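Only one structure is covered here, and it is reproduced in the block below.
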Amino acid sequence: MDNLVIEGGVPLHGTIRVSGAKNAALPILSAALLTDGACTFRNVPKLRDIDTMAALLRFMGCETDVAAPVVQVRAGSMRRAEAPYELVKQMRASVLALGPLVARHGRAKVSLPGGCAIGARPIDQHLKGLEAMGATIRLEHGYVHAECARLRGATIHLDMATVTGTENLMMAAALAKGHTQLIGAAREPEVEELGRVLNKMGARVDGAGTDVIHIEGVDTLHPVDHAIIPDRIEAGTFMVAAAAAGGDVLVEGVVPEHVDPTSAKMRAAGVEVTREEGGMRVRSPGGRALRAVDITTAPHPGFPTDMQAQFMALMTLAQGASVVTESVFENRFMHVPELNRMGANIEVRGRVAIVNGVDGLSSAAVMATDLRASACLVIAGLVATGQTEVLRVYHLDRGYEAIEAKLAPLGARIRRVRAAT
Ligand code: EPU
């Protein structure tokens, strides 16, 4: 497995381009199951999770051609309505096959994803919604078996604004008979993007991006050619990296509104964040010159849980104490012990972390158990004195396209090395 070696302490200068959004691309690739024809998706990031989704579609019998940033999927040859444990355990977003499979093929067998590094992450809301649409659900030997000859529209009250739950139910409702109302839906830009793609396919989705989504079911959908929105979390990660290391960086291609919650907190900390033609510019004197600010993660448009770890890396050096509250996932502080090993001063009390700013971080060999925690350690490595080794880059490669190749032109001293076997 590869590692990243980072020599910290260098300010960042220049322009960095954002790739397509992982969490938009995954449901959209799955939406290709709703039609027989050949769909073409552009601006798809080159990531391990995209390869896993393509492998899942191929397992089902779909034809795929992955040549990132262009991915083609033809589901006409699909013959197996199943997402096996081997693939779901690699990527829990595989559960996004459930809605389209039941809607289009009348049945689905999808492995239960189980817990993961950041929390228990049940899928009860996905199942409750499908049941309300008439599906019979059986849980057997670790698999969900869902069946329904034709789903019918329903009013579904979601207990929490689940992102993939909303997406699964939108895709299912697109081909159901009659009207579906999703109340308490997730409002993330990726949900809105899926609504756009479904409508391009001929669906009748209204209100995606708000907390009430109306879907009038149609009988068939047709293939699309669509370019995926930029990744707001990758963009936010680069913005926070520039703020922590100091310097002047233009993050190109980002939709400014998508990073508003992150930009606002960065400004409150003393970073200059401005909108420019083509992206967001970040000018920063570096982490030690910033002030501590508090953050509480929340569903969109709140501060994204997917930016919590990276923002915490920024706060390790800020003046004062920052209170970081994780309200979305119950176990998303796995980066804290690693940051503390680098000299940070962070205490965790349940879902709250108190980050007391320190004068500097020192390098160490560190390892993360999830994607965003790994990104946090890269940022810490960029500001630490000495040589930081981020082990198990496997996690980063799930969600960041060639992060070292993107950061190096900004002046970052970062390189990938093969771990000794
Ligand atoms: N939840 C339930 N029951 C459900 C569904 C969710 O209790 O049926 C709970 C979860 O356990 C969690 C909360 O609701 O506590 C929110 O989870 P959500 O379902 O919104 O998360 P998700 O759809 O599984 C997506 C992203 C995550 C991101 C979260 C929150 C994708 C493929 N994944 O996950 O992205 O953290 O929304 O914004 O879209 C990442 O990219 O690093 C990542 C983890």
Counting only residues 5 or more apart in sequence or on a different chain, those whose built amide H sits under 5 Å from that of Ala318 are Val358
Find the eigenvalues of the gyration tensor of the Cα atoms of segment 104-233, then list the square roots of 5 times those eigenvalues as equivalent ellipsoid semi-axes, largest first, in whole angstrom. 22, 19, 14
What's the exposure ranking of Ser111, Ser322, going from fewest to most Cβ atoms within 10 Å? Ser111, Ser322
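Quick check on segment 280-421: what does the Kirkwood estimate of hydrodynamic radius come out to from the alpha carbon pairs, in Å? Can you show the working numbers first?
Numbers: mean 1/r = 0.0648 Å⁻¹.
Kirkwood radius, segment 280-421: 15.4 Å.
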For Lys265, the lysines lying under 28 Å Cα to Cα, once residues fewer than eight places off in the same chain are dropped, come out as Lys22, Lys406
Write down the Kirkwood hydrodynamic radius of segment 103-177, to one decimal in angstroms, obtained as one divided by the mean of 1/r over all alpha carbon pairs. 12.7 Å
Just to confirm my numbers, what's the Cα centroid distance between segment 1-40 and segment 301-350 in Å? 23 Å
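With the radius of gyration and the Kirkwood radius both derived from the Cα set of segment 39-123, what is their ratio Rg to Rh?
Taking Rh as the inverse mean 1/r over Cα pairs, Rg/Rh reads 0.97.
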Percent of all alpha-carbon pairs of the chain at distances over 29 Å, whole number, is 44 percent
Can you list the aspartates and glutamates whose alpha carbon sits under 17 Å from that of Lys109, skipping same-chain ones fewer than 8 residues off? Glu82, Glu86, Asp124, Glu131, Glu140, Glu147
Packing-based order for 185-191, 162-168, using average beta carbon neighbours within 10 Å, highest first: 162-168, 185-191
Using Stokes-Einstein with the Kirkwood hydrodynamic radius over Cα pairs, what translational diffusion coefficient do you get for segment 200-287 at 25 °C and a viscosity of 0.890 mPa s, in µm²/s rounded to a whole number? 162 µm²/s
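Figure the gain on full extension for Arg341 and Arg275 (residue separation times 0.36 nm, minus the Cα-Cα span) and round it to one decimal in nm. Let's see the in-between values first.
Details: separation 66, 0.36 × 66 = 23.76 nm, distance 3.58 nm.
Extra length available between Arg341 and Arg275 comes to 20.2 nm.
By how many nm would the segment from Ala38 to Val212 lengthen if fully extended, with 0.36 nm per residue of separation less the alpha-carbon distance?
Here the segment from Ala38 to Val212 would lengthen by 59.6 nm.
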Could you order peptides 93-100, 303-310 by the average number of other Cβ atoms within 10 Å of their residues, highest first? 93-100, 303-310
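Below 8 Å, C-alpha to C-alpha, sequence gap of six or more: please give me the relative contact order for the chain in percent. Could you put the intermediate results ahead of the total?
Values: 1087 pairs, mean separation 86.9, N = 421.
Once divided by the residue count of the chain, the mean separation gives 21 percent.
May I have the convex hull volume per residue, in Å³, for the Cα set of segment 374-418? It would help to have the intermediate numbers written out before the result.
Numbers: hull volume 3.3 nm³, N = 45.
Given the Cα convex hull of segment 374-418, per-residue volume reads 73 Å³.
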Given all pairs of distinct Cα atoms, segment 1-146 yields a Kirkwood Rh in Å of 16.7 Å
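How do Lys109, Lys22, Lys200 rank when sorted from fewest to most other Cβ atoms within 10 Å of their own Cβ? If you can, show how the numbers build up before the last one.
Working: Lys109 19, Lys22 26, Lys200 16.
The order, fewest Cβ neighbours first, is Lys200, Lys109, Lys22.
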Expressed as cubic angstrom per residue, what is the convex hull volume of the alpha carbon set of segment 246-323? 77 Å³
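Considering all alpha-carbon pairs of segment 44-90, what whole percent are spaced by more than 17 angstrom? Please report the intermediate quantities before stating the final value.
On the way: 334 of 1081 pairs.
Of all Cα-Cα distances in segment 44-90, 31 percent exceed 17 Å.
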In whole Hz and in residue order, list the ³J(HN,Hα) couplings for segment 174-187 that follow from phi through the Karplus curve 6.51 cos²θ - 1.76 cosθ + 1.60, θ = phi - 60°; x for Gly and Pro. 4, 10, 6, 8, x, 9, 10, 10, 9, 10, x, 6, 5, 10
As I understand it, the dipole of segment 142-192 uses +1 on the Cβ of Lys and Arg and -1 on the Cβ of Asp and Glu, about the Cα centre. Which of Ala185, Ala172, Tyr143 lies farthest toward its positive end? Ala172
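Which net charge results when you count Lys and Arg as +1 and Asp and Glu as -1 among the other residues whose beta-carbon is under 15 Å from that of Arg121?
On the way: positive: Lys89, Arg92, Arg332, Arg372; negative: Asp124, Asp159, Glu167, Asp306, Glu326, Glu330, Asp370.
Charge balance in the 15 Å sphere: -3.
Apply 1/(1 + (r/R0)^6) to the Cβ-Cβ distance of Arg138 and Asp65, taking R0 = 30 Å, and write down the FRET efficiency to the nearest 0.05.
On the way: r = 35 Å, r/R0 = 1.16.
After rounding to 0.05, the efficiency reads 0.30.
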List the residues of segment 155-187 whose backbone N lies under 13 Å from a point placed 7 Å from the Cα of Ala120 along the Cα-to-Cβ direction. none
Taking the Cα centre of the chain as origin and charging only Cβ (+1 Lys, Arg; -1 Asp, Glu), how large is the dipole, in debye to the nearest 20? 480 debye
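Read-outs throughout are calculated quantities, based only on the coordinates presented, and are distinct from any laboratory measurement. All figures in this text were calculated on a predicted structure; none of them were measured in a lab. Please note: Cβ atoms are built from the backbone with ideal geometry, for glycine as well, and neighbour counts cover all protein chains shown.
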